[in-house]
1. Just order 54-64, 91-101, 39-49 by mean Cβ neighbour count inside 10 Å, highest at the front, would you?
2. Could you size up the charge dipole of the chain around its Cα centre, putting +1 on the beta carbon of Lys and Arg and -1 on that of Asp and Glu, and report it in debye to the nearest 20?
3. Please compute the Kirkwood hydrodynamic radius of segment 64-195 from all pairs of different C-alpha atoms, in Å with one decimal.
4. Over the C-alpha atoms of segment 200-251, what are the Rg and the largest Cα-to-Cα span, Dmax, in Å?
5. Quick check: Cα centre of segment 210-263 to Cα centre of segment 129-152, how many Å?
6. Report, ordered by chain and residue number, the lysines lying within cross-link reach of residue 66, taken as a straight Cα distance under 30 Å and ignoring same-chain residues fewer than 8 apart.
7. Return the sequence-ordered ³J(HN,Hα) values of segment 168-175 in whole Hz as given by the Karplus equation 6.51 cos²θ - 1.76 cosθ + 1.60 applied to θ = phi - 60°, using x for Gly and Pro.
8. As an exercise, find the ratio Rg/Rh for segment 1-100 from alpha-carbon atoms, using the Kirkwood inverse-distance average for Rh.
Amino acid sequence: VEAAVSPPPRVYSEREVAAAMGRVAVRAILDALAAGFTSYSQGRVSVPPIQTLGQPPLGRFSGDSKGDGQACIKSAYEEGGEVFVAKVASGGGGNNSGLVLVFSQRTFAPLAVLLDGGLLTELRTAAAGALAASLFAPAEPHHIAVIGCGVQARYQLGMLAAVTPCRAVRLWSRRPEQARALAAELDGGPAGWAAEVAPSAEAACRGAGIVLTVTPARSAIVRTAWLRRPVVVLAIGADSAGKQELEAGALIEADLVVVDSRAQCVDKGELQHAVAAGFDPEEARELGECIAEGGWGRGSNPSRPELVVFDSTGVAIQDVKIAELCLAELSRQPAVPSKL
């Protein structure tokens, strides 16, 4: 008896993926990611180790003249779910790319190839920052400091607009032209941002209620002394060994350290440097734990933390959840023949 032949996977272009996600509400993305983080922290997600290419101790990619190029290969599935996902996200020098492969947990066959160009990674990364801000940011931040003005900064601000009323932004980048370009893009736009370029990272951070760091830095940019309570720091850039955006003291002195994955952050996030300086990683709480409890505290009457650091390395359950959302939206459109 011949084995049944599975139909070929549907192949979706970057344009199709972008159009589909443009129809998905930000709240739906945040809710899906919140469910994923909760499931992860409850031990119901299987996540193999990340493969990171193009960063030390491995050599650079051939075209990586600036030293910020890398490719991350992540995979995961939620136990009891319908799919498992393998994702490649690559980029550097302002260029981003990637794809997401979606397989059935029931037949083990590939269901879809999402040629997203890195879009789904940008969205799910930004959603994690917005979830943390929704839990820990001051109700009325004076302004948002943005350290690093590349592609992800734009997505982060797009998601943050859904969870904070603050529209004042101070931008700083090691490449001043990037900060100026982002300020021009934001200022007076439909989201109502009032953006200005800060003369220094310190000037951007002083007095901010939300500090967003989205850089490939390998040494601390943000100093602990610049952080004035109440403030939440969304540390997004450190996602591989050796990367660092914050002084280790920011985590050590924080009222609360929140991580997307304790295991990953010890190796790849800001937590790696804090642990080396004496911080106990067991003191860090996972985002999924906080979401499940509806906030920050342990016990019946916890005090609100006024200095919170969120350390985000990117967990593959985010890729599962964003891929599920994308496929659900794509399935609502008329089917076209696969190109495979």
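1. Working: 54-64: 13.8, 91-101: 18.4, 39-49: 16.5.
Descending packing order for the listed peptides: 91-101, 39-49, 54-64.
2. For the chain, the charge dipole is close to 620 debye.
3. Result for segment 64-195 stands at 16.7 Å.
4. My reading of the Cα-based Rg and Dmax gives 10.4, 30 Å.
5. Centre-to-centre distance over Cα atoms comes out at 12 Å.
6. Correct list for residue 66: 74, 87, 243, 268.
7. Once θ is set to phi - 60°, the couplings for segment 168-175 become 8, 10, 10, 10, 9, 9, 5, 10 Hz.
8. 1.04
No lab work stands behind these numbers, since they all come straight from the coordinates. Note that the structure is a prediction, hence the values are computed from the model and not measured. We place every Cβ from the backbone using ideal geometry, glycine too, and count neighbours over all the protein chains shown.
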